[in-house]
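Colleague: Before we start, here is the structure in question, set down as structure tokens.
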Amino acid sequence: MSAKISLFDRKKIIYGIIIAVVSIYIFKLFEMQILAHAQFDAKASDNSIKAIEQIALRGVFYDRNMKLLVENTPAYTVRITPAEYDTSLNSKLETILDLENGFIKNMLFKNRTYSKFIPLRVKRGADFSAIAWIEENREHLFGVDYVIEMQRGYPNGAMGSHVFGYSKEISPQQLKKEEQYYQPGDLIGSIGLEKKYEKDLRGEKGYNYILVDSRRREVGKYKNGVNDLPSQKGKDLVLSIDGELQKIAEQELNGRAGAVAAIEPSTGEVMVLASSPQFDLNQFSYFTPKDYLRQLLNDPLKPQFNRASMAAHPPGSTFKLLCAIAALDLGVITPSTTLYCGGSFTYGRSFKCHGSHGSLNVIQAIEKSCNVFFYQLIFKIGLDRLKDYATRFGFGKKLGIDINEEVRGLIPNSAYYEKIYGKNWPHGILPSLGIGQGEVNVTPLQLANYCALIANNGKSFVPHLVRGYLDENKKFHSYKYKEVNVGINQSVFDIVKEGMYRVVNGAGTATNIRINDIHIAGKTGTAQNPQGKDHALFVAFAPYENPTIAVAVLIENAGFGATWAAPIAKKIIETYVRRSMPKTAATSDKNKIEVKQGAEPFAD
Amino acid sequence: MRISYKLNDRFDLTIFLSVTLLVVIGLFAIYSSTQNTISQKGNFDKQLISWGISLCVLFFIYALPTKLLKPSAVPTYALSILLLLVVLVIGRKIGGARSWIAFGGFSFQPAEFAKLATILFLSNFLSREETDLDNLKDICIALVIGLFPIALIMLEPDLGSSFVFIGILLALLFWKGISIFGLAVVLSPGIVAVASLFGPIYFAVAVGFVIVILFFFKKDIFLSGSILALNIASGFFVDNIFNILSPHQQTRIRAFIDPNADPLGSGYNAIQAKVAIGSGGFFGKGFLHGNQTQLQFIPEQWTDFIFCVIGEEFGFIGSLFVIILFLVLFLRILRLASFAKNEFLSLVIIGILTVFFVHFLVNIGMAIGILPVIGIPLPFVSYGGSSLLINMAMLGIILNIHRSRKEST
């Protein structure tokens, strides 16, 4: 007989089972609702509370005179909510919004994995006529709406396309690196200052907390928005760019391939950085039409290429100033040393001059831009020592300007030639280098920087485009930049500057740009171009007595520097210097006298 | 014997009030969970009406002579089997199972009715004087009575109700006084089958246990051998049984074995249910303020997942209160089982207790993630007319037996 359980025990067992189950359940509830409450609460919030990002207003750009260069302007963004949208509207919408055929279908497909209740941007910066059409046909356009978003606007008329740059939708690769801040579809600075100062400009994103249901549909604000975090506007940058000068430079360059760079010698502040041809930043302000991109890419002049800091050409005769500085500083010549020019120089072969200058000293050699003088000088200096001076003046290296689009250029030394030609490299290359031709490449920005250093007697700052930023209270904070000192004697600069003064005001090569009351000191250059017409170059600073601006101008395939480049420099210098003269005294006698006094030492 | 004429002696107010409170809490939860769901907006009103009808039925049954219960067992069982067959042919399919019969504007689940019918019929059989549970034949008859409706319900298929029937069968056999060996024989195939679902190692361990038990009881070799064979067979056939289940139930069982494997798929409900209850905290988020409930993160929250609404909006306090109400109900019914006039009525009481308890066990167990997601309502609380009606009817029987417990036969 097997064991039987008494009725009393059976009741106790059932009683035990009930108590056990109830105890387990109470214990489990205690664990979930009290011990692990925080975790579950966080999960519940994560489920139903969605933080909607508020993109911060991007910082704007002011020029050095606090004129607005780049601003935010409201623009219409058309959106589609896939859950409510009827795809039979595709072709109609594409026509109205000026989109390519199949664009919407493609976009919906790409975003198919996201919630169908999140609106997708179809078109940023839509025309008002399109918005009007949407408004009129509202009842037929389920799932189509529009919102106002900010896009970049350029009120000044100065394009500055290469300097200001633009933002683009963040790429998956960038997103991987910066995922703590950015979301897919966010804009991020792509070139120019927009890229370099992205972290200052973007501000801090804000968050609005909303409630969504299990289908990710918005139901309302979470706690009426008490937890919402407003976005913080980005920093407004104050550029060193002078809007008016930039505009003049751009107008002067219009229709040509070339560049202008202007720097304030005492501070290294870049006042003009213009490259031509330009591109229309408005076309990049949010969505770039494919046609426009294709047009830019197919243009043989490559408009997206920033010539001011990336076009490295031989410096031509503007390089002679460097040779003169090196020779004087090294003591291989004195100011009174004269060399003879008989019209040509023979070293293996004959190197020509553009005239027969006879005996001249270094000042006269600069004034006349005598080639023979400098053919001889480079042998006295030596290639490697010349490179050392070139490097001190910022050639052959990146200057460290605050945009990424910058190249090194090239200054050769003997190691460079040994690498190409071997130990016995032909020294017949050297005479050309003495006059800035051949394997030496510099950018217009490097030339301007070089000219600024000469103007300010070898001391300046790393060239930069941004002076500082404005805080929320519109208070200005300046950025600090590294000081540059080439470490060369003042007397050397005096000699070279006198030569440059004579180029314009004496019997030099750029007397065509002389102005009576503003003394420009400059140096012309013509860079030989094996592919076509020579590039015209001109570097200058002014006023000679107390330089406030240094300019470099490059016009590609134009010809002589004096003819093509110098007048542009003159216009910029004249505008700038005149503006800073007391207006009422601009034409006064006193002023004229002062200028005359300054000019006295070189009267004849 | 002194007969008390106090109300509480004639009518078990404790049971009635516990259930009334559960229904009221249920109404609050139904209102909260359906107010944002357009398709379910009328549920609160419907449940209110069902409650009214159920109360009438309860008092009607309460007032009937207790002696009518026993003779009604056989016809009730026959009718319920008929209805279970009918539903397989003309039943309406809701949620993957063909478990509803509709006529006019009214629909009900025959499985609900079959629970009561099976209790009555099985109690009737077990309470016969000649029934002897040491006799394998009688055990087999009891099993057939219990398993026949299960087989029909598995064809719908309705896994949750099947569990209830298994519970009824085991509880009644136990209450009748089945030997421990007999209980082991009845239970072991099921345990082996469930174990085999988890994998071959679990299966082997379970079979090992069966062998140990068989040695322990030292029955004759033929009996032991056939029981072992039955066990192993049930383990191997569990796949076939598993395949009878509808795909949604299969995935739910798989999700229970590993709920995080597919958090947005079949494990979703289990996870969201736990999140709702856990996030309720001590005092809850307040009536109509549960995010999970109001934003519809849990499907079917007015029926199978109603406990989540209570857990989220009324917190630990609210959940505890509901569980205590059930505890009071269970213990009160269990107490009555030993006062019952005869064995038949005692068995009926235990059967009804089992129905309530298994529903409670499975429903709350699944809401708090202890048991797999098996669609089964929480008695008196969940929305559902036929469920409420049959539960109230069963409660009527309990109260009836309580009323007449001191009357002479």
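Every read-out reported here was derived from the displayed coordinates using simple, explicitly stated rules and does not represent laboratory data. Given the structure is predicted, the values throughout are model-derived calculations rather than measurements. Neighbour counts run over all protein chains shown; Cβ positions are idealised from the backbone, glycine included.
Colleague: Can you work out the Karplus-derived ³J(HN,Hα) for every residue in segment A:266-273? Use 6.51 cos²θ - 1.76 cosθ + 1.60 with θ = phi - 60°, whole Hz, and x for glycine or proline.
Modeller: 6, 10, x, 6, 7, 9, 9, 9
Colleague: Right, next: By a straight-distance test (C-alpha under 18 Å), which aspartates and glutamates pair with A:Lys387 as possible cross-link partners, with residues fewer than eight away in the same chain excluded?
Modeller: The reachable aspartates and glutamates, counting only those whose Cα sits under 18 Å from A:Lys387, are A:Asp329, A:Glu418, A:Glu439.
Colleague: Rounded, prolate or oblate for segment A:74-151? Axes are the square roots of the Cα gyration tensor eigenvalues, ordered a ≥ b ≥ c, and the cut-off for rounded is a/c under 1.5.
Modeller: Details: a/c = 1.43, a/b = 1.29, b/c = 1.11.
The shape class here is rounded.
Colleague: Continuing with this model, one more query. Of A:Lys177/A:Lys290; A:Lys205/A:Lys474; B:Lys41/B:Lys285; A:Lys397/A:Lys482, which ones are farther than 25 Å apart at the Cα? Could you put the intermediate results ahead of the total?
Modeller: Working: A:Lys177/A:Lys290 27 Å; A:Lys205/A:Lys474 20 Å; B:Lys41/B:Lys285 22 Å; A:Lys397/A:Lys482 16 Å.
Violating the 25 Å limit, Cα to Cα: A:Lys177/A:Lys290.
Colleague: For each of A:Lys235, B:Lys219, count neighbouring Cβ atoms within 10 Å of the residue's Cβ, then give the residues from fewest to most.
Modeller: Fewest-to-most Cβ neighbours within 10 Å comes out as B:Lys219, A:Lys235.
Colleague: Quick one: check the C-alpha center-to-center distance for segment B:178-204 versus segment A:223-266, whole angstrom.
Modeller: The distance from the Cα centre of segment B:178-204 to that of segment A:223-266 comes to 80 Å.
Colleague: Near the amide H of A:Ala75, under 5 Å away, which other amide H atoms are found, from residues 5 or more places off or on another chain, if H is placed in the peptide plane?
Modeller: The answer is A:Glu149, A:Met150, A:Gln151.
Colleague: Going by C-beta contacts inside 10 Å, put A:Leu273, B:Leu136, A:Leu120, B:Leu122 in order with the fewest on the left.
Modeller: So the residues, fewest neighbours to most, are B:Leu136, A:Leu120, B:Leu122, A:Leu273.
Colleague: Net charge within 11 Å of B:Pro110 by Cβ-Cβ distance, Lys/Arg positive one each and Asp/Glu negative one each, not counting B:Pro110 itself?
Modeller: Computed value for this residue: -1.
Colleague: Need the C-alpha centroid separation for segment A:470-532 versus segment A:25-52, integer Å.
Modeller: 70
Colleague: Is any helix in chain A, taking whole DSSP H runs, at least 24 angstrom long along its axis by alpha carbon and on average at least -0.5 on the Kyte-Doolittle scale, and which ones?
Modeller: The answer, listed by residue number, is A:7-30.
Colleague: List the relative contact order of chain A as a percent without decimals, with contacts defined as Cα pairs under 8 Å and 6+ residues apart.
Modeller: RCO, chain A: 13 percent.
Colleague: What are the ³J(HN,Hα) values, in whole Hz, obtained from phi via the Karplus relation 6.51 cos²θ - 1.76 cosθ + 1.60 with θ = phi - 60°, for each residue of segment A:539-545 in sequence order, with x given for Gly and Pro?
Modeller: 3J(HN,Hα) across segment A:539-545, in whole Hz: 10, 7, 9, 6, x, 3, 5.
Colleague: Using the Kyte-Doolittle scale, find the helices of chain B whose mean hydropathy is at least -0.5 and whose Cα atoms extend 20 Å or more along the helix's long axis, counting only whole DSSP H runs.
Modeller: Membrane-span-like by this rule: B:13-34, B:43-63, B:73-90, B:110-126, B:136-155, B:159-176, B:180-198, B:200-217, B:221-244, B:306-339, B:343-367, B:385-403.
Colleague: Over 20 Å between Cα atoms: which of A:Lys320/A:Lys523; A:Lys247/A:Lys571; A:Lys199/A:Lys480; A:Lys302/A:Lys570 fall into that group?
Modeller: Over 20 Å apart, Cα to Cα: A:Lys302/A:Lys570.
Colleague: Sticking with this structure for a sec: Restricting to Cα pairs below 8 Å that are 6+ residues apart, what does the relative contact order work out to for chain B? Please round to a whole percent.
Modeller: Reported relative contact order: 26 percent.
Colleague: Ranked highest first by average number of other Cβ atoms within 10 Å, how do A:432-445, A:298-311 line up?
Modeller: The peptides rank, most packed first, as A:432-445, A:298-311.
Colleague: For A:Ile495, A:Ile381, what's the fewest-to-most ordering of other Cβ within 10 Å of each Cβ?
Modeller: So the ranking, lowest neighbour count to highest, is A:Ile495, A:Ile381.
Colleague: Separate question: Collect residues whose amide H, placed 1.01 Å from N in the peptide plane, falls under 5 Å from the amide H of A:Val219; neighbours closer than 5 in sequence don't count.
Modeller: A:Leu211, A:Val212, A:Asp213
Colleague: Using amide H atoms built in the peptide plane, which far-off residues or other-chain residues are under 5 Å from A:Lys123 H to H?
Modeller: A:Val78
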